[in-house]
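Asks: I'd like to ask some things about the structure below.
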Amino acid sequence: MLKQNNQIRLFKPSFDNEEIKSIKGVFKSPWLGYGSKVKEFENKFSKFLGSKFAIGLNSCTAALHLSLAVNRFKRKKKVLVPVMTFSATAAAILYNDLEPVFVDINSHNLNLNFEDLKRKYSKDCVALMAVHFGGHPCEMDKITSWAKRKKLIVIEDCAHTCGGEFKGRKLGTWGDFGCYSFEDKKIISTGDGGSLCSKSKKNFNLLKSISFHGWSKDPWERHLKRGKINHWYYQVKNLGFKYNMTNLIASIAIPQLKKLKKFNKIRIKLLNRYLVELKDLKHFKFAIDYKLKNSCYWLFILKTKKRDTFINFLKSKGISSTVHLMPLNYHPLYKKYKAKTPISNQIWKELVSLPLFIDMKKSQLDYIVKIIKQFDNNYNNY
């Protein structure tokens, strides 16, 4: 067993002197909050994605909230959402006084089940949220084509991916809105942060306004006009929120974005090692049908009937693991939104997420593989 301080973590952000130098530059300026670094990141991220715009925010939760809020749907309308997702995806629906309709998942990739999506649809539905679970792309061509016929807004939850593609297009640019997470464990890591992108500029001004108190001009825009009369003037045009990204966060996000292609290549190599080394296990299966070309996966997940025993075994060997995720309708807040989701009800009990991070050493991955094989070979003894 590894010593406690040598415990192999599940996730670990990757930073070097570039991030430190960038942060120091912001500390030397008077703009720690809104400022030029935020604008720089927004422009670079939008260009990277190929989207019409990107707005820097303080979380993916904020992006999900705003992507619904900007549409100003009537109260109690319904939003289709996979039952297997992080709580923020469905919370954004409740924030807008809408109701979630839980859709089951596919057994082979944990993504939205298209047939169940069609079954759960009703005329009260106004939007759907497609979650790229673990970083695996949803079938966005099929989903967006169907949603267009039903006049549904499509929101892509890209919290588990950044830079991954489906049929040559970046995830997050297929739907009406793409929502990204830069939390400390994610693909781009800034401690906390997120972004909202769109393929249309239609809602840009309103989104910018409601992401910062509903103001007509943000502080940096007012600063840039300081040589003009009444440069300070702004109006509160909308009921808004305090969701903006700060210069400090942007100063980390910019060098992280610069390294993103390299990061994703490393992730592909690590995942390929896992897939090759573990393909002959008797008592485990890959939870996702991993497709590595042009991919960006956040999670490596196995399925096993002895999930909890396996997690405890890994812990005893100094290896971190966890479960992604318990179906939302198992949680007290969401129990009243009943739905038949038999696949997720069964499959979540078998899921185990294993360590995957950029700076993972070969010796660490070799050790994890060795321990998994050890459990598999002695499976009947546990």
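The values are calculated or read from the model by the stated rules, or taken from the named source; none is laboratory data. A quick note: this is a predicted structure, and the numbers were derived from the prediction, not measured. Note: ideal-geometry Cβ built from the backbone for every residue, glycine included; neighbour counts use all protein chains shown.
Asks: Just name the residue that is surrounded by the most Cβ atoms within 10 Å (Cβ to Cβ) out of those in the range 89-108 that are among the acidic types (Asp, Glu) and assigned to a loop (DSSP other than H, G, I, E, B).
Replies: From the range 89-108, those among the acidic types (Asp, Glu) are 97, 99, 104; that's our starting set.
Remaining after also requiring assigned to a loop (DSSP other than H, G, I, E, B): 97, 104.
Values: Asp97: 12, Asp104: 24.
Only one residue tops the list, namely Asp104.
Asks: Within the group Ile347, Ile288, Ile266, Ile301, which residue is modelled with pLDDT of 95 or more, in contact with a strand residue (DSSP E or B) (Cβ under 9 Å, 6 or more places away or on another chain), outside the structural domain of Val103 (by TED's automatic domain parsing) and part of a helix (DSSP H, G or I)?
Replies: Sole residue among the options that is modelled with pLDDT of 95 or more, in contact with a strand residue (DSSP E or B) (Cβ under 9 Å, 6 or more places away or on another chain), outside the structural domain of Val103 (by TED's automatic domain parsing) and part of a helix (DSSP H, G or I): Ile347.
Asks: Somewhere in the range 283-292, is a residue surrounded by fewer than 20 Cβ atoms within 10 Å (Cβ to Cβ) and among the aliphatic types (A, V, I, L, M)? Steps first, please.
Replies: As a first pass, look at the range 283-292 and keep what is surrounded by fewer than 20 Cβ atoms within 10 Å (Cβ to Cβ): 283, 285-286, 289-292.
Pick out the ones that are also among the aliphatic types (A, V, I, L, M) and you get 292.
Yes, the range 283-292 has at least one match.
Asks: For the range 236-262, give me each residue that is within 20 Å of Leu66 (Cα to Cα) and not hydroxyl-bearing (Ser, Thr, Tyr).
Replies: Within the range 236-262, Val236, Lys237, Asn238, Leu239, Gly240, Phe241, Lys242, Asn244, Met245, Ile249, Ala250 meet the criteria.
Asks: Which numbered condition trips up Tyr180, out of (1) of a type in the set (Ser, Thr, Tyr); (2) out of contact with any strand residue (DSSP E or B) (no Cβ under 6 Å at 6 or more places or on another chain); (3) buried (at least 22 other Cβ atoms within 10 Å of the Cβ)?
Replies: Exception for Tyr180: condition (2).
Asks: Any residue at all in the range 74-88 that's touching a helix residue (DSSP H, G or I) at 6+ places or on another chain (Cβ under 7 Å), under 26 Å from Gly191 (Cα atoms) and assigned to a helix (DSSP H, G or I)?
Replies: Yes, the range 74-88 contains at least one residue that is touching a helix residue (DSSP H, G or I) at 6+ places or on another chain (Cβ under 7 Å), under 26 Å from Gly191 (Cα atoms) and assigned to a helix (DSSP H, G or I).
Asks: Just to be sure I understand, how many residues within the range 5-50 are touching a residue at least 24 places away in the same chain (Cβ under 8 Å), of a type outside the set (D, E, K, R) and within 30 Å of Ser321 (Cα to Cα)?
Replies: 8
Asks: Determine, yes or no, whether Leu10 is under 30 Å from Ile311 (Cβ atoms) and of a type outside the set (S, T, N, Q).
Replies: Taking the combined requirement at face value, the residue satisfies it.
Listed here are the residues, each with its yes/no results for (1) under 24 Å from the mean Cα position of the chain (by Cα); (2) over 26 Å from Asn43 (Cα atoms).
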| residue | (1), (2) |
| --- | --- |
| Phe263 | yes, no |
| Leu270 | yes, yes |
| Leu278 | no, yes |
| Phe284 | no, yes |
| Ile301 | yes, yes |
| Phe310 | no, yes |
| Ser321 | yes, yes |
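Asks: Give the residue, chosen from Ser87, Ser122, Ser107, that is among the polar types (S, T, N, Q), in contact (Cβ under 8 Å) with a residue 24 or more places away in the chain and touching a His at 6+ places or on another chain (Cβ under 8 Å).
Replies: Selected residue: Ser87, the only one of Ser87, Ser122, Ser107 that is among the polar types (S, T, N, Q), in contact (Cβ under 8 Å) with a residue 24 or more places away in the chain and touching a His at 6+ places or on another chain (Cβ under 8 Å).
Asks: For the range 293-335, name all the residues that are under 21 Å from Ile188 (Cα atoms), of a type in the set (Val, Ile, Thr) and surrounded by fewer than 17 Cβ atoms within 10 Å (Cβ to Cβ).
Replies: If the condition is that a residue be under 21 Å from Ile188 (Cα atoms), of a type in the set (Val, Ile, Thr) and surrounded by fewer than 17 Cβ atoms within 10 Å (Cβ to Cβ), then Thr322 is the only one that fits.
Asks: So which residues in the range 109-138 are over 21 Å from Phe86 (Cβ atoms) and part of a loop (DSSP other than H, G, I, E, B)?
Replies: Scanning the range 109-138 gives Tyr121, Ser122, Lys123, Asp124.
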